[in-house]
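Enquirer: Have a look at this one.
The values are calculated or read from the model by the stated rules, or taken from the named source; none is laboratory data. No experiment lies behind these values; they were computed from the predicted model shown. Note: ideal-geometry Cβ built from the backbone for every residue, glycine included; neighbour counts use all protein chains shown. Just the protein is used for accessible areas: all its heavy atoms, side chains included, with ligands, DNA and RNA removed. Shrake-Rupley method; radii C 1.70, N 1.55, O 1.52, S 1.80 Å.
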Amino acid sequence: MGLKVLLTCSPYFNHIYTPPLQLAYLKAYLQQDKEITVKALDLEVFFYHSDLICGNSLLYWEYIYNRVHPCDDESIIMLDQAVNRILSEKPDVVCFSIAHSNISFTRYIARQIKKAAPDIYIIYGGRYFCVRKPWRFWIKELHKDFFEADCIIKNEGEAALMEIAAVLKKRIKPVLCKGATLRKGNEIIDGGDRCLIENIDTIPFPDFSDFKKENYLADYIRIIFSRGCAGRCVYCVENDTMGSFRTRSPGNIIDEITLRIADGYRKFQITDLAVNLRARDLSEICRAIIKKRFDIEFIFSEFRHSPDLTRDVFKLMRKAGFKTICFGTESGSQTILDKMAKGVRVATMGRNFRDAHSAGLNVISYIMVGFPGETEDTFLETMEMIGRNKNFIDGITAINATEICAGSLMHDNIKSYDINTETLFRYPDVWESGSRDNCIRWRAGLVERLHRYIEDTGIPMVDFIGNGNPEIPEIAKKITSVSRYKKINSARAGIKTTKSLSDYSASLRLSRKPVYFPGTKSILFFLDIVNAGSKAWEWNDRDWIKVGCRIFNEHCGDGSPVKELRKELPHSVKKNEKFQILFRVDCDLLPEGKYELKFDMINELQFWFEDLGSPSLKETIDISQKEL
């Protein structure tokens, strides 16, 4: 009889820079059955060119960052258009790939589809429903409330989706499927867990044929070398979501790379949780690439610190085309690393940083602060570790305050941590230690302090906005030690300067009205900035120019800002050059009241341009309401 299946993902999910890998995998797997017609539709592209975003990549990326995506009036116009686009395909089945960032939009679209065409079979799957084994019973409970979904596929999706499609093509609704929950009237049938596809070489290569290259903003394609993770970091919810750790054979990976080269791609983003979990396989892949003389780049990949990563391995990787690697470092304190179950020594981290950098790789790192058990001493150990390795770390991709995620290994054993359980699993994550010393304000303070220290050492925060990969700005190294950092910070206020307005002057204005994210205390300001002085703005031994924002409480009598924010320059800015900056102001931690925001340029550690007579841009916000 045949079956027409539409695979899709709603906005705020994939990133507009490259096609969605998960849809390409599902399409390739399903169309092994010649009686199933499969089309993949990327609603992210549809959304990007809608009247809501209008192709503005800065605004688009900030929508991605926003964790609360309600179906407001503006969004509903776009979502209704997406519903009509899906219905125009006349599918028998619509499958949605869902993450936490697009769940509200997906549910709205699916409900409208059910209203317009009740016979269309709706299937949910994706990361939202990838849950570690002890907590998979949640999916059945979720499904009871997700009345628009006929089926929810848990964790790895290909085999379960194929089984369901094989039943549906006979015009029969499935009543039981391992790896899925099915709706039968008002009842939800849980099929339990499904055996994994043990040999993932048997999975067909992703089929990207429904995605036009010109619809995406970058020139790379995604690839995976493995599924799952051998690590057991206690804060992580992903180390069991795809089941046991399984790798593709080096030959299978090389065959896919060969295919992508024939498709016109030479840049790859590896999306494994950690590429180097089998260092021997990684080395074999690199040697094969070198032997075949592929002219390719692996522009980004994530790594786990390991003693198996020797200098020779890094050199081999660089020769094979690896460019930028990111370590999940998290902490520089051995005490905290052990609590996290990272399984790595601080000394190993230092060797990895040094050896990777000396091999010519761009080295970046994730950092996490405020883990249960964090103290001022362990926090300073992290600062010291970063300072020791500052010459080998090219960028920091994120400094995150620890969040305790439902379904993590920490959740499994929550009583073994000093946590007030009544504060768990809220938004924002306001968990507190039993003593309340470790609270959201304290963790936010650690993040801000570490940001300032990292800026002062000269290690940049990397930017993903350019093409969805970390872009590392070229800046001068500044500070070498925590002690010097403390001295400079104590001298920040009241610095006098002989610089003149003719040298350093700026024109700042809003290019459009601020964007308020409903459900949050987050505001986006779009600034047009012109260098109106006689000197270029750049990073060098003399200048350290940034865009800054000072937030003043109107009831604060001493005139001191309650908070300061910074944004890096996108590049060196010449005299009379104009550029745009998107400034996000998160007000979650500010007390209710009215505030004046002053946007201005700053020569860090020296002066604000306003000090020389250049006018700042002033805006007023009122956060007296629960929601802006």
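Enquirer: Using beta carbons and a limit of 7 Å, which pairs, at least six apart or on different chains, have the first residue in the range 154-172 and modelled with pLDDT under 95 and of a type in the set (Ser, Thr, Tyr) and the second one part of a loop (DSSP other than H, G, I, E, B) and open to solvent by 20 Å² or more (accessible area, probe 1.4 Å)?
Expert: Note: no pairs meet the criteria.
Enquirer: Determine, yes or no, whether GLY343 is under 17 Å from ASN438 (Cα atoms), in contact (Cβ under 8 Å) with a residue 60 or more places away in the chain and either in contact with a helix residue (DSSP H, G or I) (Cβ under 6 Å, 6 or more places away or on another chain) or small (Gly, Ala, Ser) (or both).
Expert: no
Enquirer: I need every pair where a residue in the range 181-199 that is at positive phi has its Cβ under 9 Å from the Cβ of a residue that is buried (at least 16 other Cβ atoms within 10 Å of the Cβ), sequence separation at least 6 or different chains.
Expert: GLY192/ARG136; GLY192/GLY179
Enquirer: With respect to the numbered conditions (1) closer than 23 Å to PRO615 by Cβ; (2) within 25 Å of the chain's Cα centre (by Cα), which one is the sole condition not fulfilled by ASP543?
Expert: Every listed condition holds for ASP543 apart from (2).
Enquirer: Report, by residue number, each residue of the range 167-181 that is open to solvent by less than 80 Å² (accessible area, probe 1.4 Å) and within 24 Å of ALA24 (Cα to Cα).
Expert: Of everything in the range 167-181, those that are open to solvent by less than 80 Å² (accessible area, probe 1.4 Å) and within 24 Å of ALA24 (Cα to Cα) turn out to be VAL167, LEU168, LYS169, CYS177, GLY179, ALA180, THR181.
Enquirer: A further question follows. Find the strands (runs of 3 or more DSSP E) located wholly in the range 509-606 whose residues include 3 or more that are β-branched (Val, Ile, Thr) and open to solvent by less than 60 Å² (accessible area, probe 1.4 Å), and list them.
Expert: Strands (runs of 3 or more DSSP E) meeting the threshold: 522-531, 545-553.
Enquirer: Sticking with this structure for a sec: Scan the range 137-149 for residues that are within 19 Å of ASN102 (Cα to Cα), charged (D, E, K, R) and without any contact (Cβ under 8 Å) to a residue 24 or more places away in the chain and jot them down.
Expert: ASP145, the sole residue that qualifies.
Enquirer: Given the structure, is GLU238 in contact (Cβ under 8 Å) with a residue 60 or more places away in the chain and within 30 Å of ALA401 (Cα to Cα)?
Expert: In short, yes.
Enquirer: Can you pull out the residues in the range 421-445 that are under 26 Å from ILE581 (Cβ atoms) and under 21 Å from the mean Cα position of the chain (by Cα)?
Expert: Passing the criteria: PRO428, ALA444.
Enquirer: Something else: Between a residue in the range 33-56 that is within 18 Å of THR106 (Cα to Cα) and at pLDDT below 85 and any residue that is assigned to a helix (DSSP H, G or I) and open to solvent by 70 Å² or more (accessible area, probe 1.4 Å), which pairs come within a Cβ distance under 6 Å, given they are 6 or more apart or on different chains?
Expert: Final answer for the pair search is LEU52/GLU74.
Enquirer: Please pick out the residue among LEU168, LEU142, LEU161 that is under 16 Å from ALA406 (Cβ atoms) and among the aliphatic types (A, V, I, L, M).
Expert: LEU142
Enquirer: Something else now. Could you list all residues from the range 111-136 that are touching a residue at least 24 places away in the same chain (Cβ under 8 Å) and in a helix (DSSP H, G or I)?
Expert: Hits for the range 111-136 are ARG111, GLN112, ILE113, LYS114, ALA116, ARG127, TYR128, PHE129, LYS133, PRO134, TRP135.
Enquirer: Next question. Condition check: of a type outside the set (Phe, Trp, Tyr), out of contact with any Leu (no Cβ under 8 Å at 6 or more places or on another chain) and not in a strand (DSSP E or B). Does ASP338 satisfy that?
Expert: So ASP338 fits the description; yes.
Enquirer: From the set of residues in the range 341-358 that are assigned to a loop (DSSP other than H, G, I, E, B), under 25 Å from the mean Cα position of the chain (by Cα) and not hydrophobic (A, V, I, L, M, F, W, C), which is surrounded by the fewest Cβ atoms within 10 Å (Cβ to Cβ)?
Expert: GLY343
Enquirer: Next question, about the same structure. Pairs only if they're at least six apart or on different chains, beta carbon under 8 angstrom, first in the range 270-290 and closer than 16 Å to ASN352 by Cα, second acidic (Asp, Glu); list them, first residue then second.
Expert: Listed by first residue and then by second, the contacts come to ALA274/GLU302; VAL275/GLU302; ASN276/ASP308; ALA279/ASP308.
Enquirer: Can you tell me which residue is nearest to ILE113 (Cα to Cα) among those in the range 71-97 that are acidic (Asp, Glu) and open to solvent by 50 Å² or more (accessible area, probe 1.4 Å)?
Expert: ASP80
Enquirer: Would you mention how many residues in the range 385-420 are within 24 Å of the chain's Cα centre (by Cα), within 19 Å of THR375 (Cα to Cα) and not aliphatic (A, V, I, L, M)?
Expert: Going through the range 385-420 one residue at a time, the tally reaches 3.
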